[in-house]
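Below is one structure; the comments refer to it alone.
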Amino acid sequence: MTGTIALLGCGFVADLYLRSLQAMPGIVVHAVHDRDAARLSRFCAHWQLRAEPDLEAFIAGLPEGCVVLNLTNPAEHYALNLRLLEAGHHVYCEKPLALELAQAKTLHALAAENGVLLASAPCSVLGEAAQTLGHALRQGIAGTPRAIYAELDDGFIPQAPYTDWHTETGAPWPYEDEFVTGCTLEHAGYYLTWLISWFGSVRKVVAASAEVLPEKAGLKAAAPDLSVATLFFENGPVTRLTCSIVASHGHGIRIFGDKGVLSCGASWDNAAKVRFAKRSTLRRRLVESPFPRRLRLPQPTHPKVKRWGAAAMNFMLGPAEMLESLRERRPCRLSSEFALHLTEVTLAIQNAGEDTGPQVMTTRCDPMEPMPWAR
């Protein structure tokens with residue numbers, strides 16, 4: 001794989017991307033910009049990259065075909081995505097793509113108008129665990145899927161020692177951004193991308209959300225820290241998705257089919273084990289096998305990275321997919337339609353509150369083409 005990227009923003013998540021980049025030979029970094037000069041200097045010195053302190057010069061100097069990684073604070077995503085797209089550049093944005101649906105639709109339309117790619121994190125949907133589950137669904141291993149339960153609960157985060165969480169270049173975990181943006185906007189995509197890639201569009205969302213832990217880190221105004229959603233797909237099973245920074249840690253997904261249960265216990269691990277538990281009767285009882293079979297795809301699949309903190313994810317799979325699609329002149333799996341629909345569904349869950357009721361989605365996208373090694 002080859003190609004050029006540039007980094008806009010070099011905070012906490014940028015180190016995760018650079019660590020992943022070490023496993024992706026052939027992808028080079030053109031330049032890095034951050035509005036914090038001291039932070040920019042430390043980051044570029046550690047990773048031996050070229051710093052561009054001026055934003056206008058950074059944008060003006062981007063080479064043709066470069067993919068810009070927008071790794072800035074969530075509140076800055078829309079305005080900076082807009083500037084990059086207006087300048088005719090391909091954009092890969094950290095989640096969320098935008099904080100309002102109207103903004104996301106503007107970005108989608110602008111990308112189409114200018115003929116450039118627009119994609120949104122997370123990219124774990126391109127990873128081995130998600131692709132293994134997708135392959136099992138297509139093969140009918142569990143029979144027809146009837147319902148799905150998925151959890152993205154991170155434990156009681158306000159009591160965690162999060163002020164001690166720093167990357168190797170000294171970037172602190174941005175807890176204020178995390179609490180203000182909310183765990184649903186930050187994390188729901190880790191399973192929504194998998195689900196949308198397998199089944200396509202969500203037709204209707206019925207959700208509720210609330211802030212059950214007020215004044216986190218002294219913040220008077222924060223996003224919901226708990227959400228529970230029921231998703232109705234155009235062509236897929238009814239799904240329950242929970243997100244919280246309150247409930248005990250659990251990142252599992254279970255797909256209940258006519259023949260048994262497909263499962264994976266760690267959405268933040270590209271190499272997480274995918275299992276199938278066959279259902280049968282034993283002595284007048286219905287049971288699921290206590291010894292589920294592990295499902296594997298032929299190797300190799302994609303470059304892996306070592307675990308750091310709570311995750312073992314290759315954050316560069318998304319930018320690499322964009323670069324490969326440009327080089328091969330084919331549609332990108334992480335399309336702007338995919339990013340827009342993901343954003344609408346996520347915002348519907350986040351903003352549901354107590355009284356919103358059923359929400360009919362206004363955007364749609366097709367299921368994702370499997371990775372070549374997962375067909």
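The values are calculated or read from the model by the stated rules, or taken from the named source; none is laboratory data. These figures come from a predicted structure and were not determined experimentally. In this analysis, Cβ positions are derived from the backbone assuming ideal geometry, glycine residues included, and neighbour counts consider all displayed protein chains.
Given the options L80, L99, name the one that is surrounded by fewer than 22 Cβ atoms within 10 Å (Cβ to Cβ), under 20 Å from the mean Cα position of the chain (by Cα) and either at pLDDT below 95 or outside any helix (DSSP H, G or I) (or both). Only one candidate qualifies: L99. Only one of the numbered conditions (1) within 17 Å of L317 (Cα to Cα); (2) surrounded by 14 or more Cβ atoms within 10 Å (Cβ to Cβ); (3) not β-branched (V, I, T) is violated by A31, and that is (1). Residues in the stretch 122-152 that are in contact with a helix residue (DSSP H, G or I) (Cβ under 9 Å, 6 or more places away or on another chain), in a strand (DSSP E or B) and farther than 16 Å from V274 by Cα: L152 alone. Restricting attention to the stretch 278-303, the residues being among the small types (G, A, S) and crowded, with 19+ Cβ neighbours inside 10 Å number 0.
Scan the stretch 253-287 for residues that are part of a loop (DSSP other than H, G, I, E, B), small (G, A, S) and farther than 30 Å from E215 by Cβ and the total you get is 3. Give R254, R240, R203, R275 a once-over and let me know the one that is basic (K, R), more than 28 Å from S335 (Cα to Cα) and either in contact (Cβ under 8 Å) with a residue 12 or more places away in the chain or in contact with a helix residue (DSSP H, G or I) (Cβ under 8 Å, 6 or more places away or on another chain) (or both). Unique residue meeting the criteria: R275. Scanning the stretch 50-63 for residues that are in contact (Cβ under 8 Å) with a residue 24 or more places away in the chain and assigned to a loop (DSSP other than H, G, I, E, B), we see that the one that is surrounded by the fewest Cβ atoms within 10 Å (Cβ to Cβ) is P63.
Return a yes/no flag: does the stretch 306-316 have any residue that is under 22 Å from L192 (Cα atoms), modelled with pLDDT under 95 and touching a strand residue (DSSP E or B) at 6+ places or on another chain (Cβ under 6 Å). Yes, the stretch 306-316 contains at least one residue that is under 22 Å from L192 (Cα atoms), modelled with pLDDT under 95 and touching a strand residue (DSSP E or B) at 6+ places or on another chain (Cβ under 6 Å). Counting the residues of the stretch 168-208 that are among the polar types (S, T, N, Q) and more than 20 Å from the chain's Cα centre (by Cα) gives 1.
Yes or no: S124 buried (at least 24 other Cβ atoms within 10 Å of the Cβ) and under 17 Å from A374 (Cβ atoms)? The answer is yes for S124. Taking the stretch 325-375 as the range and being at positive phi and free of Cβ contacts under 8 Å to residues at least 12 places away in the same chain as the test, only R329 passes. One residue stands out among those in the stretch 45-72 that are touching a strand residue (DSSP E or B) at 6+ places or on another chain (Cβ under 7 Å) and polar (S, T, N, Q): the one that is nearest to G318 (Cα to Cα), which is N70.
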